[in-house]
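K.L.:
Quick one: the structure is below, questions incoming.
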Amino acid sequence: MRTPVIAGNWKMYLGQTEEALGFVRGIRQPLNEVDGVERVLCPPFTVLATVAEVLQATRIEVGAQTMHWEDQGAHTGEVSPRMLQDLCKYVIIGHSERRAAEANAETDAAVNKKVRAALAHGLIPILCVGENLAQNEAGQTEDFVGGQVRAALEGLGADEVRTCVIAYEPIWAIGTGKAATPADANRVMGVVVRGAVSQQFGEEAAQAARILYGGSVNVENIAGFMSMPEIDGALVGGASLKPDFVELVRRAAATRG
Ligand code: PGA
């Protein structure tokens, strides 16, 4: 049985100490009380250590939003897996906002190095994949997303892949209020994402890896996603910045429980 995960990706919000502390102190207790799902908060680097400290005595986990693949070096502005390994449990890798050419232009090859580095340091990668609107409309979703999964996991062992979290986030659904339908997401996640893992690493690893949906998940639609057999949770952006993130997590747990 796969334990569901609901991860809140704060992106470049709540990065000042007081605002982050205020928010986390407000949701900490009720969020900690929810059983049956893993909860992860992924704040900006500026408050990662602060948030981790405030959550120390809780069952709420912390994740980073990206990292470099090297332990140290001349990489101005980067954060390494060694810097993160004692600070958090998860790290988001290859978010579409970082893969974007006009942002950080992260390639599949870079994503692969990051996934390997995360696992080598005991961090659990939340690997993001997903097609854009043009690819979706051209019927290229399966080829593109399958290719991203294969490239990101290349060279790993099945024992590593089984511990990974993979987030299917169609780019057209991120921050738009236009979520995929649960049925469509379930199909891509099962046939394409889990299918690619199974082909490359075997069915046991594919059944163990957790696959999340991301893209305009909110308190109203979370139950629909969680009722799908291939959907093991959600990567939540905008809705993770509001106090009713707790209610979203509760509904996720209730749907699975
Ligand atoms: P959203 O973002 O929930 O605001 O659509 C999701 C994500 O980018 O992870």
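K.L.:
Hey, any idea what Rg/Rh is for region 147-257, computing Rh the Kirkwood way over Cα pairs?
P.N.:
0.99
K.L.:
Now a separate question. Take the alpha carbon gyration tensor of region 145-196, find the square roots of its eigenvalues, order them as a ≥ b ≥ c, and report rounded if a/c is under 1.5; if not, report prolate when a/b exceeds b/c, else oblate.
P.N.:
Prolate.
K.L.:
Determine the shape class of region 193-257: with a ≥ b ≥ c the square roots of the Cα gyration tensor eigenvalues, call it rounded for a/c under 1.5, and otherwise prolate if a/b is greater than b/c, oblate otherwise.
P.N.:
Here region 193-257 falls in the prolate category.
K.L.:
If we count every other residue with Cβ under 13 angstrom of I60's Cβ, Lys/Arg +1 and Asp/Glu -1, where does the sum land?
P.N.:
With Lys, Arg at +1 and Asp, Glu at -1, the net is 0.
K.L.:
Which lysines, if any, have their Cα less than 16 Å from the Cα of K114, not counting same-chain residues under 8 positions apart?
P.N.:
K89
K.L.:
For K242, go through the lysines and keep the ones whose alpha-carbon is under 18 Å away, minus same-chain ones fewer than eight residues off.
P.N.:
Output for K242: K11.
K.L.:
Give me the three principal axis extents of the chain from the C-alpha atoms, as integers in angstrom, largest value leading.
P.N.:
Principal-axis extents of the chain (Cα, largest first): 46, 45, 35 Å.
K.L.:
Right, something else. Please give the peptides 107-120, 137-150 ranked by average Cβ packing (other Cβ atoms within 10 Å per residue), highest first, as a rough proxy for protection.
P.N.:
107-120, 137-150
K.L.:
First select every other residue whose beta carbon is under 14 angstrom from the beta carbon of V219; then total the charges, Lys and Arg +1, Asp and Glu -1.
P.N.:
Residues near V219 contribute 0 overall.
K.L.:
Tell me the per residue accessible area of region 210-257 using a 1.4 Å probe; a whole number in Å² is fine.
P.N.:
Roughly 34 Å² per residue, with all protein chains present.
K.L.:
Now, a different point. With every protein chain in place, what's the accessible area of W69 (1.4 Å probe, Å², nearest 10)?
P.N.:
Accessible area, nearest 10 Å²: 80 Å².
K.L.:
Now for a different question. So what's the back-of-envelope 222 nm ellipticity for the chain, counting only DSSP H runs of four-plus at -39500 (n - 2.57) apiece and dividing by all residues, rounded to 500?
P.N.:
-11000 deg cm²/dmol
K.L.:
Can you give me the % of accessible surface on the chain that is carbon or sulfur? Probe 1.4 Å, all protein chains present, nothing else counted.
P.N.:
Here carbon and sulfur together make up 50 percent of the probe-accessible area.
K.L.:
Okay, next question. Taking a ≥ b ≥ c as the square roots of the Cα gyration tensor eigenvalues, with a/c under 1.5 meaning rounded and otherwise prolate when a/b beats b/c, else oblate, which class fits region 46-146?
P.N.:
prolate
The values are calculated or read from the model by the stated rules, or taken from the named source; none is laboratory data. Please read these numbers as outputs of a predicted model, since none were measured by experiment. We place every Cβ from the backbone using ideal geometry, glycine too, and count neighbours over all the protein chains shown. Remember, those area values only see protein heavy atoms, side chains included, never the ligands or the DNA or RNA. Shrake-Rupley method; radii C 1.70, N 1.55, O 1.52, S 1.80 Å.
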